[in-house]
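Have a look at the structure below, then the notes.
The values are calculated or read from the model by the stated rules, or taken from the named source; none is laboratory data. Note that the structure is a prediction, hence the values are computed from the model and not measured. Every residue, glycine among them, receives a Cβ derived from its backbone with ideal geometry; neighbour counts consider all protein chains shown.
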Amino acid sequence: MATTRDRALTAAVRLVGEQGVRALTHARVDAEAELPRGSTSNWFRSRDALLTGVIDWIAEQERADLTAATTPAQTVDDLIDTLTALIEDATGHHAVRTRARYALFLEMTAGGEAHGPLQAQRARFEAWARELLTAFGAEDPDAAARSLLAVSAGLILNRLTVAPDAALRPTVAIAVRGCLRG
C-alpha cells in the first residue's frame, strides 16, 4: 500500500500533467489523492517544497524505469529498440508524468529552487546516453549524447501533442546511427 507521501506525490504529478503547474496546490493534491486536508502540507510545508518534491519524485520514477529498461545492448539494433521502448513508455503508459515533467521544465526556466533538480536529472540522462554511445564507438560522445537527447525530446513532444501514433523506431534508428557516425 502506498504511503501518504507517495499518494500525495502521485496525485500532484497527475494534477500537473493534466492541468499544468498552476493547478498544484496543497488542497488540490489532498483532494486528488483523497487524503485528509492538510496531509500534503505535513510532508511539503511550502509550494516550493511541493514543487521540489514532485520534481524529485518524477526523477526517481524515471531513473527506476530507465534502470529496468536498460539491459546491456549488444548491438546497435538493441540500443535502438531500448530507446524506442523508453520513448514509447514516456508517451504512452507514463504520458501524464512526462507532461508534468515538461510543464515543470517550462515553469522553472527562470531558475529558483526547483531548477537544480531538473538540471541534475537532465545531466543523468545525458551521462547515460554518453556512456551508451561511447560503448558503441561514437566519435564525439558528448555531442552525440546531446543530439540524441534533443531528438528524443522532440519525438516525445511530437507524440504528446500532435502525432500520438507517430512511428518512433525509424527516427530513433536514424538518430542513433547518425550519432555513431559523427
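Quick look at the numbers
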read-out	value
Test: residue in the stretch 97-112 that is on the phi > 0 side of the Ramachandran plot and over 12 Å from the mean Cα position of the chain (by Cα)	yes
Cβ-Cβ under 8 Å pairs, at least 6 apart or on other chains, the stretch 80-94 side hydrophobic (A, V, I, L, M, F, W, C), far side surrounded by fewer than 16 Cβ atoms within 10 Å (Cβ to Cβ) and assigned to a helix (DSSP H, G or I)	80/169; 85/69; 86/66; 86/69
Residue tally, condition outside any helix (DSSP H, G or I), more than 24 Å from residue 94 (Cα to Cα) and hydrophobic (A, V, I, L, M, F, W, C), over the stretch 147-182	0
Pairs with Cβ under 7 Å, 6+ apart, first in the stretch 116-139 and without any contact (Cβ under 8 Å) to a residue 12 or more places away in the chain, second among the polar types (S, T, N, Q)	none
Considering residues of the stretch 22-60 that are assigned to a helix (DSSP H, G or I) and among the hydroxyl-bearing types (Ser, Thr, Tyr) only, the residue nearest to residue 118 (Cα to Cα)	52
Filtered residues of the stretch 157-180 (kept if among the charged types (D, E, K, R) and surrounded by 17 or more Cβ atoms within 10 Å (Cβ to Cβ))	159
Residue match in the stretch 6-24 (condition: surrounded by 13 or more Cβ atoms within 10 Å (Cβ to Cβ), basic (Lys, Arg), modelled with pLDDT of 90 or more and farther than 21 Å from residue 149 by Cβ)	yes
Condition check for residue 73: surrounded by 13 or more Cβ atoms within 10 Å (Cβ to Cβ) and either part of a loop (DSSP other than H, G, I, E, B) or touching a strand residue (DSSP E or B) at 6+ places or on another chain (Cβ under 7 Å) (or both)	yes
Boolean, residue 59 is at pLDDT below 90, among the small types (Gly, Ala, Ser) and loosely packed, with under 13 Cβ neighbours inside 10 Å	no
Single residue of the stretch 25-56 satisfying the filter (buried (at least 22 other Cβ atoms within 10 Å of the Cβ) and touching an Asp or Glu at 6+ places or on another chain (Cβ under 8 Å)) that is farthest from residue 91 (Cα to Cα)	40
Those residues of the stretch 60-85 which are under 19 Å from the mean Cα position of the chain (by Cα) and among the acidic types (Asp, Glu), in sequence order	60, 62, 65, 81
Selection status of residue 144, under 22 Å from residue 71 (Cα atoms), touching a Leu at 6+ places or on another chain (Cβ under 9 Å) and in a helix (DSSP H, G or I)	yes
Yes/no for residue 146 being closer than 26 Å to residue 160 by Cα, at pLDDT 95 or above and buried (at least 16 other Cβ atoms within 10 Å of the Cβ)	no
